[in-house]
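Data first, discussion second: the structure below is written as structure tokens.
Please treat every number below as a calculation from the coordinates, not as lab data. Fair warning: this is a prediction, and the values are worked out from it, not measured in the lab. Note: ideal-geometry Cβ built from the backbone for every residue, glycine included; neighbour counts use all protein chains shown.
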Amino acid sequence: MSMTEFREQDITGARFERVSLRGATFTQVFLNDARMRAVDLTGAQIRGALFHQSRLRGVELGDVEISGELQNVVVNGVDIAPLVDAELNRRMPERARMRPEDSDGFRAAWAILERLWEGTVARARTLPEAALHRSVDDEWSFIQTLRHLNFASAAWVGRMILGNAAPWHPLDLPWDEAPGWDGIPWDREARPLLDEVLTVRHERQAMVRHVMESLTDEQLAAEVTRTEPGWPQVENFLFKECLRIVLNEEWEHRLYAERDLTALEKGD
């Protein structure tokens, strides 16, 4: 059976009834305001999706894994987001310090992250270099994860806070669903040595550390604007939120890295 491909088409309002889409691939597809009834999503793999203002009624969820940002997620009348947040903080007390409010809190959070990442990198060095390029469950490899964190620091500190319109290194890696921009590197298939990536990583960590060292509460309350071509391109964005994004990226991606290193150590 030949495979049908739909590319660069607008079929807004299309109706699918008694149609099989088993094994179909959807990439950068807009399903805003879609209506789904009696849909079988067994075995579906969904990554980089937005579910804002979605409503699921009469669904069956079993053996389901959800990893992402939860806010106002109501299950059977209960907002589970605060419950999940509290449980994660109980398991990892340092996680609660990744949402600081003052300059001392930001400095402490960054020191925690640098310490934790030092241990994660040391763990990664015990594996063969080739393993650090391996994907586990279609996620980024360890080296790709470091490249993405380099990109995040460059974007939210180098560009937004320090004002460098193009702070990029050729090995920087945006997120997979990013739209792509002229002048911003995006070579997902590059296979640099770990030490090559760590050289950039140490420079970016030092850049963030320098900002944290001189940080004041007045700065945190200020706003930053970047209108030059590229990304991020936003106006009146809170200085504090730029740093919080970096903290969140560093925290979450280290957890992903640790999870995948465990699989690699087991030979999975």
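In whole angstrom, segment 98-266 maps to an equivalent ellipsoid with semi-axes of 27, 19, 12, each derived as √(5λ) from the alpha carbon gyration tensor and ordered largest first. Please build a GNM for the chain, connecting alpha carbons under 10 Å apart, and tell me which residue among 235, 249, 223 fluctuates the most. Looking only at 235, 249, 223, the biggest GNM fluctuation is shown by 235. Ordering 92, 36 by the number of other Cβ atoms within 10 Å of each residue's own Cβ, fewest first, gives 36, 92. By the count of other C-beta atoms within 10 Å, a proxy for reagent exposure, 121, 211 are ordered fewest to most as 121, 211. Per-residue 3J(HN,Hα) values for segment 129-145, derived from phi via the Karplus relation 6.51 cos²θ - 1.76 cosθ + 1.60 with θ = phi - 60°, read 4, 4, 5, 6, 9, 7, 8, 10, 6, 6, 8, 4, 5, 4, 5, 5, 4 Hz in sequence order (x marks Gly and Pro). Rounded to the nearest 20 debye, the dipole magnitude of the chain is 440 debye, with +1 charges on Lys and Arg beta carbons, -1 on Asp and Glu beta carbons, and the Cα centre as origin. Close amide H pairs (under 5 Å, H built 1.01 Å from N) link residue 224 with 236, 237, 238, 239, residues at least 5 positions away or on another chain. Applying both filters, DSSP loop and at most 16 other Cβ atoms within 10 Å, to the chymotrypsin sites (Phe, Trp or Tyr not before Pro) of segment 137-214 gives 175, 181, 186. Among 21, 261, sorting on how many other beta-carbon atoms sit within 10 Å of each Cβ, with the fewest leading, yields 21, 261.
Build a GNM of the chain with springs between Cα atoms under 10 Å apart, and of 141, 214, 103 the one that fluctuates most is 214.
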